[in-house]
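Single-structure report; data block below.
Only the coordinates and a few stated rules stand behind these numbers; no lab work does. Computed from a predicted model, the values in this text were never measured in an experiment. As a convention, Cβ positions derive from the backbone with ideal geometry for all residues, glycine included, and neighbour counts pool all protein chains shown.
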Amino acid sequence: MTSGLPPGITLGEGRGGLPRLSVATARCTAEVYLHGAHLCHWQPRGHPHPVLWMSRESRFEPGAPIRGGVPVCFPWFGANAGAPAAPPHGIARLNAWALDRVEVERDGSAVIVLSLASDAGTRAAAPHDFALTYAMRLGDTLSLALTVANPGDGPFTFEEALHTYFAVSDVRHVAVEGLAGATFVDKTAGGTRKPQDGAVITISGETDRLYLNTPAAITLADPGFGRRIHVAKSGSLASVVWNPWIAKSRAMPDFGDDEWPGMICIETANAADHAVTLPPGASHSMTAAIALS
Ligand code: TA6
């Protein structure tokens, strides 16, 4: 659907000429690219800073991931162990999604629903058929719901993540709360599994941790911006905390060398031990609910 959009929502050409929905309602401003169903911007009215971070160096072109916002990772997370040359984080973020529904609710919240179905192109990278539905509600708060359905006649195992990039005042001065006692896979230490000892995670170097067996809500405390970002979730047992720090930022062409202090990823996921297996005809939903205080 591209005609008859409600007041406050327009569809036009974004960066790189890619189709982009722009939201400007009483509740928030936001931007969603059909490419990857990629939410790139969300800022509730009255908040001085965008909630999501975007790299100034991001690519906006078919077949390339957008750097920032909320990449949708599916049907694998990180590298594909069975296909080392496959694109990291899967193919959902590399494809154009269909726009199924756009509404503005009475309070001014925007509801945007997009979908992606498997086709010959996705089957070349991931052999199983799938049907994805991704529902966003953008207002004073942000709700994201990714539903995976298995239309095939056999079971289908996948990983997934809402790889959310949050904008922060200075990553060296933020704290991540809610993961005390969880075990994490430390990707900066060859995948060693470690206990999260401290109640609070602070960032003082490259940090790349996949927390396991945790349904917990996470709070990102950012005194520099005078805000706390709360990330609650359902249908997810893994969470990722990532900041590339200096060297890795330099190694990424679509990430400015000086941008690392301004972001941190707090990701809602099912990966590693928590890959999801869907029987034929079944579906699974993962949600993230983001609020500010
Ligand atoms: O979620 C953290 C991570 O897996 C890091 O290892 C880093 O690779 C990041 O994702 C970004 O991945 P990308 O493929 O978007 O460059």
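Would it be correct to say that S169 is within 22 Å of the chain's Cα centre (by Cα) and not charged (D, E, K, R)?
Yes; evaluated as a whole, the condition is true for this residue.
Applying the selection to the range 204-218, what residues are closer than 22 Å to R172 by Cα and of a type outside the set (A, V, I, L, M)?
Restricting attention to the range 204-218, the residues satisfying the condition of being closer than 22 Å to R172 by Cα are 204-211, 217-218.
Residues satisfying the conditions are S204, G205, E206, T207, D208, R209, Y211.
I'd like to verify a number: residues in the range 142-162 that are surrounded by fewer than 19 Cβ atoms within 10 Å (Cβ to Cβ) and touching a Lys or Arg at 6+ places or on another chain (Cβ under 9 Å), how many?
Number of matching residues: 2.
Cβ-Cβ distance below 9 Å, separation of 6 or more or different chains: which pairs start in the range 56-72 with a residue that is free of Cβ contacts under 8 Å to residues at least 24 places away in the same chain and under 16 Å from P244 (Cα atoms) and end on one that is of a type in the set (A, V, I, L, M, F, W, C) and within 11 Å of the ligand (Cβ to nearest atom)?
So the pair list comes out empty.
Which numbered condition in (1) of a type in the set (A, V, I, L, M, F, W, C); (2) more than 16 Å from the ligand (Cβ to nearest atom); (3) touching a Gly at 6+ places or on another chain (Cβ under 7 Å) is the only one that L94 fails?
(2)
Counting only residues that are hydrophobic (A, V, I, L, M, F, W, C), within 16 Å of the ligand (Cβ to nearest atom) and not in a strand (DSSP E or B), which one in the range 183-232 is surrounded by the most Cβ atoms within 10 Å (Cβ to Cβ)?
Here the answer is I203.
Any residue at all in the range 124-134 that is among the β-branched types (V, I, T) and touching a residue at least 40 places away in the same chain (Cβ under 8 Å)?
As a first pass, look at the range 124-134 and keep what is among the β-branched types (V, I, T): 133.
Keeping just the survivors that are touching a residue at least 40 places away in the same chain (Cβ under 8 Å) gives none.
The answer is no; no qualifying residue exists.
Checking the condition of a type in the set (S, T, N, Q), surrounded by fewer than 22 Cβ atoms within 10 Å (Cβ to Cβ) and either within 13 Å of the ligand (Cβ to nearest atom) or farther than 23 Å from H47 by Cβ (or both), which residue from S283, S239, S293 passes?
On inspection, the qualifying residue turns out to be S283.
Just the residues that are within 15 Å of the ligand (Cβ to nearest atom), surrounded by fewer than 20 Cβ atoms within 10 Å (Cβ to Cβ) and part of a loop (DSSP other than H, G, I, E, B), please, taken from the range 258-274.
Pass one, the range 258-274, residues within 15 Å of the ligand (Cβ to nearest atom): 259-260, 263-272, 274.
Of the ones still in play, those that are also surrounded by fewer than 20 Cβ atoms within 10 Å (Cβ to Cβ) are 259, 272, 274.
The one that is within 15 Å of the ligand (Cβ to nearest atom), surrounded by fewer than 20 Cβ atoms within 10 Å (Cβ to Cβ) and part of a loop (DSSP other than H, G, I, E, B): E259.
P84 is checked against (1) within 14 Å of the ligand (Cβ to nearest atom); (2) in contact (Cβ under 8 Å) with a residue 24 or more places away in the chain and fails just one. What number does that condition carry?
Unmet condition: (2).
Considering only residues that are surrounded by 17 or more Cβ atoms within 10 Å (Cβ to Cβ) and either touching a Cys at 6+ places or on another chain (Cβ under 8 Å) or over 20 Å from P87 (Cβ atoms) (or both), which ones fall in the range 120-139?
T133, A135, M136, R137, L138, G139
Considering only residues that are touching a Leu at 6+ places or on another chain (Cβ under 8 Å) and small (G, A, S), which ones fall in the range 174-230?
Across the range 174-230, the qualifying residues are A175, A182, A216.
Take the residues in the range 23-71 that are more than 11 Å from the ligand (Cβ to nearest atom) and of a type in the set (V, I, T); name whichever of them is farthest from D273 (Cα to Cα).
The residue in question is T25.
Tell me which residues, restricted to the range 51-69, are in contact with a helix residue (DSSP H, G or I) (Cβ under 9 Å, 6 or more places away or on another chain) and among the hydroxyl-bearing types (S, T, Y). Can you show your working first?
Kept after step one, since they are in contact with a helix residue (DSSP H, G or I) (Cβ under 9 Å, 6 or more places away or on another chain), are these residues of the range 51-69: 53, 58-66.
Listed by number, the list holds a single entry, S58.
Quick one: which residue in L114, L144 is under 30 Å from R27 (Cα atoms) and out of contact with any Asp or Glu (no Cβ under 9 Å at 6 or more places or on another chain)?
L144
So is E259 more than 20 Å from H49 (Cβ to Cβ) and of a type in the set (D, E) or not? Steps first, please.
Details: more than 20 Å from H49 (Cβ to Cβ): no; of a type in the set (D, E): yes.
It is false that E259 is more than 20 Å from H49 (Cβ to Cβ) and of a type in the set (D, E).
Yes/no matrix, rows are residues, columns are (1) farther than 16 Å from R93 by Cβ; (2) without any contact (Cβ under 8 Å) to a residue 60 or more places away in the chain; (3) out of contact with any Asp or Glu (no Cβ under 9 Å at 6 or more places or on another chain):
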position: G8; (1), (2), (3): yes, no, yes
position: R27; (1), (2), (3): yes, no, no
position: Y33; (1), (2), (3): no, yes, yes
position: P44; (1), (2), (3): yes, no, no
position: L52; (1), (2), (3): no, no, yes
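Residue by residue through the range 234-254, note down the ones that are within 16 Å of D186 (Cβ to Cβ) and outside any helix (DSSP H, G or I).
Selection gives A238, S239, V240, V241, W242, N243, P244.
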